[in-house]
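Novice: Shown below is the structure under consideration.
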Amino acid sequence: MLSSPAAVSAAALGRAAAPKLARLLTYRTVSSRVPEEVETEQFEAFIAALPELFPRVSAALQLERVNGFGLLYRWPGTPGGTASGRGPAVLMAHYDVVPVEDPDRWDYPPFAGTVTETSIEGRGALDDKGALAAVLEAAEQLLAEGFAPAGDIYFSFGNNEETAGDTAAAAAALLAERGIRPWLVLDEGGAVASGAFPFVTVPLAVVGVSEKGILDVELAVDDPGGHASTPNRMGAPAGRARAVVRLDRRPFPASLPDVSVEMVQRLSGSAPLLPRLVLGNAAHLRGALTRVFGLLGGEPNAMTRTTVAVTQLRGSKGSNVLATRATANANIRVAVGETVASTVARLRSIIRDPQVGLRVVEGNEPSPVSATDNAQFALLEETIRTCFPDAVPVPYIMLGGTDARRFTSICDAVYRFAPFRMSAADRASIHADNERLGIETFGEGIAFYKVLMGAL
Ligand SMILES: [Zn+2]
């Protein structure tokens, strides 16, 4: 049985810690693939602020820097304390953020760290400084209460999740080098989501157990070129265009992975009567559900298949010069059960044009699927039920990517869940305008990490 959150209300917890998160939001720790664009002094200043904001954590935990600006904290466990069978745990977050397109569209300046009556405003509030601050605040409070964990607890905070992600890979490699195999890894990803499905009225605590692979493929068609006044039919741009249209017309085949069937079964208990009859028999109705998800489009559709998005087109450099090479970049999210190789093979069969060359620019396989019938998932479920009694915990496969996938090589129990309530509007603000975290929501997140760490 887990100890329930402190008697202090979530609102009070959030209110007390809000200035700390607000301060962390003032640093422009913006990720970029162009090294010169990264304001390293902002990253330094962010790191320098942590001991001031979380003095007990800084005193009691060992901190080392990984790959420049990555942070790896170790909270040493009690000697012989892992008799519970639970081993070292890694709580992850990242403090780099995506750029702001137009600060004028924001209600509050994105890097001012404004605290309002109800919220903490700014870029990174949800993704993912909010989780980082909640982890540190939870540890700060547990230390103040004299708590010592049974097993080692690590905090791994990345500085380039939004771009390279190699800091997380380096942190995982460092732990592997030391012979550490975490019992549990928890990173961002899912949330306590409301409004995710039209027929579900309760919030769903969606816990990512895997993530799709990410693959960039360049489609290229070559051509002799020449002057634009004497074009030939089916030149490079037309060949490239035909390939793009074929990809658009023939989506990858759909199927509902086992995790999604389990998700639907678990949430069926909370759906109104008619859909419940349908949902409770998800395993039998896999085919019908797959079609329904496909018809719903957007996220449900993306859950059923490998998706292809053509994101960049390039042709001739001059407006009066025929292209000698026309390219398209396809950004592909590889479904669990497929591979980069099988995906490229299918692209070839869909495009069915030997003139179109395919080149893998960068590719990651889908992550292994973490179990939902182990002690780790049970602990997450129990913690969710304790802290979010109205929510139904369900597993899902993440559509986006996180740093967590870098840890699947050293841990079989890697989960992706940030303990914050998020409406559809909140989720839409991630990487967009008006990112904010509710004060009470923040407090609930702190309470969640306290309960979770208290059980480690
Ligand atoms: Zn993130």
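The values are calculated or read from the model by the stated rules, or taken from the named source; none is laboratory data. Small disclaimer: the values here were computed from a predicted structure and weren't measured. A quick note on method: Cβ atoms are made from the backbone with ideal geometry, for glycine too, and the neighbour counts reach across all protein chains shown. Calculation scope for accessible area: heavy atoms of the full protein, side chains included, ligands and nucleic acids excluded. Shrake-Rupley method; radii C 1.70, N 1.55, O 1.52, S 1.80 Å.
Novice: Give me a count of the residues in the range 340-359 that are touching a residue at least 40 places away in the same chain (Cβ under 8 Å) and either on the phi > 0 side of the Ramachandran plot or open to solvent by 70 Å² or more (accessible area, probe 1.4 Å) (or both). If you could, list the steps in order and put the result at the bottom.
Specialist: At the first step, the residues of the range 340-359 found to be touching a residue at least 40 places away in the same chain (Cβ under 8 Å) are 340, 343-344, 346-347, 350-353, 355-359.
After this cut, where a residue has to be either on the phi > 0 side of the Ramachandran plot or open to solvent by 70 Å² or more (accessible area, probe 1.4 Å) (or both) as well, the list is 346, 352, 355, 359.
Of the residues in the range 340-359, 4 are touching a residue at least 40 places away in the same chain (Cβ under 8 Å) and either on the phi > 0 side of the Ramachandran plot or open to solvent by 70 Å² or more (accessible area, probe 1.4 Å) (or both).
Novice: In this structure, is LEU219 among the aliphatic types (A, V, I, L, M) and either part of a loop (DSSP other than H, G, I, E, B) or not assigned by TED's automatic domain parsing to the domain that holds LEU380 (or both)?
Specialist: Values: among the aliphatic types (A, V, I, L, M): yes; either part of a loop (DSSP other than H, G, I, E, B) or not assigned by TED's automatic domain parsing to the domain that holds LEU380 (or both): yes.
It is true that LEU219 is among the aliphatic types (A, V, I, L, M) and either part of a loop (DSSP other than H, G, I, E, B) or not assigned by TED's automatic domain parsing to the domain that holds LEU380 (or both).
Novice: Take the residues in the range 71-97 that are outside any strand (DSSP E or B) and under 21 Å from the mean Cα position of the chain (by Cα); name whichever of them is nearest to PRO149 (Cα to Cα).
Specialist: Taking the range 71-97 as the starting set, the residues that turn out to be outside any strand (DSSP E or B) are 76-88, 95-96.
If we keep only those that are under 21 Å from the mean Cα position of the chain (by Cα) as well, we get 95-96.
Numbers: TYR95: 25, ASP96: 28 Å.
This residue is TYR95.
Novice: Just one of (1) closer than 22 Å to PHE448 by Cα; (2) out of contact with any Lys or Arg (no Cβ under 9 Å at 6 or more places or on another chain) trips up ASP216, so point out which.
Specialist: Failed condition: (1).
Novice: Next question, about the same structure. Is there any pair linking a residue in the range 419-436 that is farther than 19 Å from GLU161 by Cα to one that is aliphatic (A, V, I, L, M), with Cβ under 6 Å and at least six apart or on different chains, and which?
Specialist: Taking only residues 6 or more apart or on different chains, the pairs are PHE420/ALA191; ARG421/VAL192; MET422/ALA191; MET422/ALA193; ARG436/ALA125.
Novice: Looking only at the range 367-379, count every residue that is open to solvent by less than 20 Å² (accessible area, probe 1.4 Å) and touching a Pro at 6+ places or on another chain (Cβ under 7 Å) and tell me the total.
Specialist: The first filter runs over the range 367-379 and keeps only residues open to solvent by less than 20 Å² (accessible area, probe 1.4 Å), leaving 367, 370, 377, 379.
Right, trim to touching a Pro at 6+ places or on another chain (Cβ under 7 Å) and you get none.
Here the count works out to 0.
Novice: Mind listing whichever residues of the range 176-201 are at pLDDT below 90 and within 16 Å of the ligand (Cβ to nearest atom)?
Specialist: Of everything in the range 176-201, nothing turns out to be at pLDDT below 90 and within 16 Å of the ligand (Cβ to nearest atom).
Novice: Take VAL100 and decide whether it is within 16 Å of the ligand (Cβ to nearest atom), of a type in the set (Val, Ile, Thr) and in a loop (DSSP other than H, G, I, E, B). It would help to see each step written out before you state the result.
Specialist: Values: within 16 Å of the ligand (Cβ to nearest atom): yes; of a type in the set (Val, Ile, Thr): yes; in a loop (DSSP other than H, G, I, E, B): yes.
So VAL100 passes the test.
Novice: Next question, about the same structure. Look at the range 114-159 and say how many of its residues are within 16 Å of the ligand (Cβ to nearest atom), in a helix (DSSP H, G or I) and either open to solvent by 10 Å² or more (accessible area, probe 1.4 Å) or charged (D, E, K, R) (or both).
Specialist: First, the residues of the range 114-159 that are within 16 Å of the ligand (Cβ to nearest atom): 122-135, 155-159.
Those left that are additionally in a helix (DSSP H, G or I): 129-135.
Those still in the list that are either open to solvent by 10 Å² or more (accessible area, probe 1.4 Å) or charged (D, E, K, R) (or both) too: 129.
The total comes to 1.
Novice: State whether the residues of the range 72-89 include one that is more than 16 Å from the ligand (Cβ to nearest atom), without any contact (Cβ under 8 Å) to a residue 12 or more places away in the chain, more than 16 Å from ALA49 (Cβ to Cβ) and surrounded by fewer than 24 Cβ atoms within 10 Å (Cβ to Cβ). Full working, then the answer.
Specialist: We begin by selecting, within the range 72-89, every residue more than 16 Å from the ligand (Cβ to nearest atom); these are 72-89.
Next, only the ones that are without any contact (Cβ under 8 Å) to a residue 12 or more places away in the chain stay: 79-80.
Imposing the further condition that a residue be more than 16 Å from ALA49 (Cβ to Cβ) reduces the set to 79-80.
Right, trim to surrounded by fewer than 24 Cβ atoms within 10 Å (Cβ to Cβ) and you get 79-80.
Checking the range 72-89: at least one residue is more than 16 Å from the ligand (Cβ to nearest atom), without any contact (Cβ under 8 Å) to a residue 12 or more places away in the chain, more than 16 Å from ALA49 (Cβ to Cβ) and surrounded by fewer than 24 Cβ atoms within 10 Å (Cβ to Cβ).
Novice: Go through (1) open to solvent by 50 Å² or more (accessible area, probe 1.4 Å); (2) farther than 18 Å from LEU126 by Cα; (3) assigned to a helix (DSSP H, G or I) and name the single condition PRO19 misses.
Specialist: (2)
Novice: Would you point out which residue out of TYR415, TYR449 is under 16 Å from LYS129 (Cα atoms), in contact (Cβ under 8 Å) with a residue 40 or more places away in the chain and in the same structural domain as ARG105 (by TED's automatic domain parsing)?
Specialist: Numbers: TYR415 fails: under 16 Å from LYS129 (Cα atoms).
Residue meeting the stated conditions: TYR449.
Novice: Also, quick follow-up: How many of the residues in the range 12-37 are more than 21 Å from the chain's Cα centre (by Cα) and at pLDDT 95 or above? First the steps, then the outcome.
Specialist: Initially, the range 12-37 is screened for residues more than 21 Å from the chain's Cα centre (by Cα), giving 12-20, 22-23, 26-27, 34-37.
From what's left, at pLDDT 95 or above: 12-20, 22-23, 26-27.
Here the count works out to 13.
For (1) open to solvent by 30 Å² or more (accessible area, probe 1.4 Å); (2) small (Gly, Ala, Ser); (3) not assigned by TED's automatic domain parsing to the domain that holds GLN42, each residue gets a yes or a no:
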| position | (1), (2), (3) |
| --- | --- |
| GLU161 | no, no, no |
| THR167 | no, no, no |
| LEU174 | yes, no, no |
| GLY179 | yes, yes, no |
| PHE197 | no, no, no |
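Novice: Let me ask another. What are the pairs, 6+ residues apart or on separate chains, where a residue within the range 396-408 that is under 14 Å from ASN160 (Cα atoms) has its Cβ under 7 Å from a residue that is open to solvent by 30 Å² or more (accessible area, probe 1.4 Å) and not in a loop (DSSP other than H, G, I, E, B)?
Specialist: Pairs that qualify, where the first residue is under 14 Å from ASN160 (Cα atoms) and the partner is open to solvent by 30 Å² or more (accessible area, probe 1.4 Å) and not in a loop (DSSP other than H, G, I, E, B), are GLY401/ILE214; THR402/GLY189; ALA404/GLY189; ARG406/ALA169.
Novice: Which of (1) closer than 28 Å to THR386 by Cβ; (2) more than 16 Å from the ligand (Cβ to nearest atom); (3) open to solvent by 20 Å² or more (accessible area, probe 1.4 Å) is the odd one out, the single condition ASP248 does not satisfy?
Specialist: (1)
Novice: Sticking with this structure for a sec: State yes or no: is SER32 surrounded by fewer than 20 Cβ atoms within 10 Å (Cβ to Cβ), of a type in the set (Gly, Ala, Ser) and not in a helix (DSSP H, G or I)?
Specialist: yes
Novice: Scan the range 383-439 for residues that are of a type in the set (A, V, I, L, M), in contact with a Gly (Cβ under 6 Å, 6 or more places away or on another chain) and within 16 Å of the ligand (Cβ to nearest atom) and report the count.
Specialist: Step one: list which residues in the range 383-439 are of a type in the set (A, V, I, L, M), which gives 384, 391-392, 394, 397-399, 404, 410, 413-414, 418, 422, 424-425, 428, 430, 432, 437, 439.
Now restrict to residues that are in contact with a Gly (Cβ under 6 Å, 6 or more places away or on another chain): 398, 424, 437, 439.
Pick out the ones that are also within 16 Å of the ligand (Cβ to nearest atom) and you get 398, 437.
Total meeting the criteria: 2.
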